[in-house]
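Values quoted throughout were computed directly from the atomic coordinates according to the rules given, and no laboratory measurement underlies them. Every value quoted in this text rests on a predicted model; they were computed, and no experiment measured them. FYI the Cβ positions are ideal-geometry reconstructions off the backbone, even for glycines, and counts take in every protein chain you see.
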């Protein structure tokens, strides 16, 4: 669902930057009282896990399309909505600047569409209410497991639907006449329903593992008995998954276009519909702001499209997965350390 700059008019892009900036500022302000002892390593590993997970495009059977996880629900369940949202900003900004994934001018919109709904709507309206409910028979471990599965699937489906609909609204407000509202909605919503269902299952699997191993890491879930693993062992397993997915399984990612690209360009080469039938080399809004953003992005992206420049070597994908995961983990650590420093300084003052 990473939008390209050509899908947005500069005024719409600026508005989405402002909206995402307000959400980020509010998140930073509300994190003042958070404990950092567990959050620092958890934020680092969870952010790396989502980055690696987004590299795996899974085929949506019978469509000629593919999807990948967004990760907002997963991060907010582990870190809370504010820290989860900031982690998503780190992930999306890293993808944009260093891997040319999503437009730089469109970054504010991508943060809103892929992070805001999953972290805030998904957490406050779906995750927390379901975790606090009596669904599936009280507060037994089996009931907690079922609530996690339900919240993960419902949350991912609903928030991806909201994100996909926002893409349609943003392109409509940008005046892109090649994308009539009703036709674009009819393509975007069903394909992202399928993508959301798969992400929900993957998110549930990760969170159920955490429930079994270290339930105290989950937000709003009564841990009951102590888990089977320590904090270190649980995070070590998740870190190993990061290396496996980012460095190895990413090579098996589907080559089909993702849900947004599929809606825009179709997949006639593989025998499927052309959908909106846009020209991949010439579509949308052309603007000086987009040209400037593209030049900056070209200068900063050292592994464009998760590959070595001008090379088809599979090693480029492996290196991209490992380097990108390490980068977002490192930035997450810096954010936690900076937050702890300013909290201590404020208390001392």
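Here are a few things to note about the model shown:
- Max-minus-min Cα coordinates of the chain on each principal axis give 57, 49, 40 Å, with the largest extent listed first.
- Most mobile listed residue (329, 14, 46) in the chain, GNM with C-alpha springs under 10 Å: 14
- Taking every C-alpha pair closer than 8 Å and separated by at least 6 residues, the mean separation divided by the residue count of the chain gives a relative contact order of 29 percent.
- Whether the stretch 100-222 is rounded, prolate or oblate, judged on the alpha carbon gyration tensor where a/c under 1.5 counts as rounded: prolate
- Least to most buried among 327, 105 (fewest other Cβ within 10 Å first): 327, 105
- Neighbour counts of other Cβ atoms within 10 Å put 127, 135, 112 in the fewest-to-most order 135, 112, 127.
- Least to most buried among 68, 192 (fewest other Cβ within 10 Å first): 68, 192
- Computed over the stretch 30-118: relative contact order in percent, which uses C-alpha pairs under 8 Å that are six or more apart: 26
- Given R0 = 41 Å, the distance between the Cβ atoms of residue 249 and residue 32 translates into a calculated FRET efficiency of 0.60.
- Paramagnetic label reach from residue 298 (point 7 Å along Cα→Cβ; backbone nitrogen cut-off under 19 Å): within the stretch 98-123, residues 98-107.
- Between the stretch 56-95 and the stretch 166-231, the Cα center-to-center distance that results, in Å: 7
- Considering only 118, 21, 321, the mean-square fluctuation computed in a Gaussian network model of the chain, springs between alpha carbons under 10 angstrom, is largest for 21.
- Three-way shape call for the stretch 270-329 based on the alpha-carbon gyration tensor, with the a/c threshold at 1.5: oblate
- Of 331, 45, 167, the residue with the greatest mean-square motion in the GNM of the chain, using alpha carbon springs below 10 Å, is 331.
- Put simply, when 73-84, 236-247, 303-314 are sorted by average Cβ atoms within 10 angstrom per residue, most first, you get 73-84, 236-247, 303-314.
- Three-way shape label, the stretch 23-153, alpha-carbon gyration tensor, a/c 1.5: oblate
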